[in-house]
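The values are calculated or read from the model by the stated rules, or taken from the named source; none is laboratory data. Not measured: the values here are computed from a predicted model. Every residue, glycine among them, receives a Cβ derived from its backbone with ideal geometry; neighbour counts consider all protein chains shown. We work out accessible area using only protein heavy atoms, side chains counted, and drop any ligands, DNA or RNA first. Shrake-Rupley method; radii C 1.70, N 1.55, O 1.52, S 1.80 Å.
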Amino acid sequence: MKHEWMSGAAASVLALVFAAQPGYADGAAPDAATAPNTATQLAAARAATKDLGETLKGQLMSAIKSGGAISAISVCKTVAPTIAADASTKHHLTVRRTALKIRNPENAADAFETRVLQDFVDKLAAGADPATLDYSETVTDNGATSFRYMKAIPTAAEPCLACHGSDVKPEVKAEITKLYPADQATGFKAGDLRGAFSVSIPSQ
Ligand code: HEC
């Protein structure tokens, strides 16, 4: 056997790490040196995405209620990045939103995010529950190691389709096109994957 050098204790640490990986574990095995942190990082990542998701949705709903979809566009444009920055500071990590089809070019997915988003699409098509679909992996890129976490953002009928559906009101569409001339983020149906929250925690 290849791993006879591994002590029982090391083997059980690794077993714990793999057990803590949500969903599936097809990525690189976490390095033993970073193993003790993985559960803590995962908990922080989940807390940050929950925080960001709830705050964002709350602000969006109240903006739509008080001023309609057009005025809520500015909430998405200016408030969303601020809320993401606040959640990042509060949870000591970086959390953002990304998608395969984006509205704001600044939200473009990197190679890791693209791979995970495509996998989420496949998993949803195979019947996965969008509310619990997430993934984490310890990634080494150009010699820098970081813990990466993503959580699926499904498209809800309300309020998402008003600005991301295939039947966006002309005046809403006009405002979106004015602010985002290269918008790709319409034509979604309820239940589609809209995008994902993406967390990154660099290893010290
Ligand atoms: C009032 C219009 C409006 C509504 C309603 C709305 N969005 Fe958006 N959405 C936007 C705008 C504008 C952006 C671009 C934000 C930016 O500049 O970062 C955006 C961006 C996003 C992004 C980031 C990726 C990208 O395309 O740039 C995600 C993910 C997203 N929306 C999901 C949702 C979901 C899920 C809902 C429903 C809960 C929703 N949105 C409802 C207007 C809206």
- Message: Expected output is a single nm value to one decimal: the length gained when fully extending between Asp51 and Glu106, i.e. 0.36 nm times separation in residues minus the C-alpha distance. What is it?
- Response: 17.7 nm
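Given a cut-off of under 8 Å on Cα pairs at least six residues apart, what relative contact order in percent is computed for segment 33-202?
On the way: 236 pairs, mean separation 46.0, N = 170.
Result for segment 33-202 is 27 percent.
Could you sort 121-128, 151-158 so that the peptide with the highest average Cβ count within 10 Å comes first and the rest follow in order? Write out the running numbers ahead of the final one.
Numbers: 121-128: 11.9, 151-158: 17.8.
My ranking of the peptides, most packed first, is 151-158, 121-128.
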- Query: Can you give the extra length, in nm with one decimal, that the chain gains between Tyr180 and Ala128 once fully stretched, where that is 0.36 nm per residue apart less the Cα-Cα distance?
  - Reply: 15.5 nm
- Task: Round to a whole angstrom and tell me the spacing of the C-alpha centers of segment 74-106 and segment 112-154.
- Result: 17 Å
- Message: Suppose all protein chains stay in the model; what accessible area per residue would a 1.4 Å probe give for segment 33-202, in Å²?
- Response: 51 Å²
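Remind me, relative contact order of segment 151-194 in percent, using alpha carbon pairs under 8 angstrom and six or more residues apart? Intermediate results must be reported in sequence, preceding the final value.
Details: 49 pairs, mean separation 25.6, N = 44.
Averaging sequence separation for qualifying contacts and normalising by length gives 58 percent for segment 151-194.
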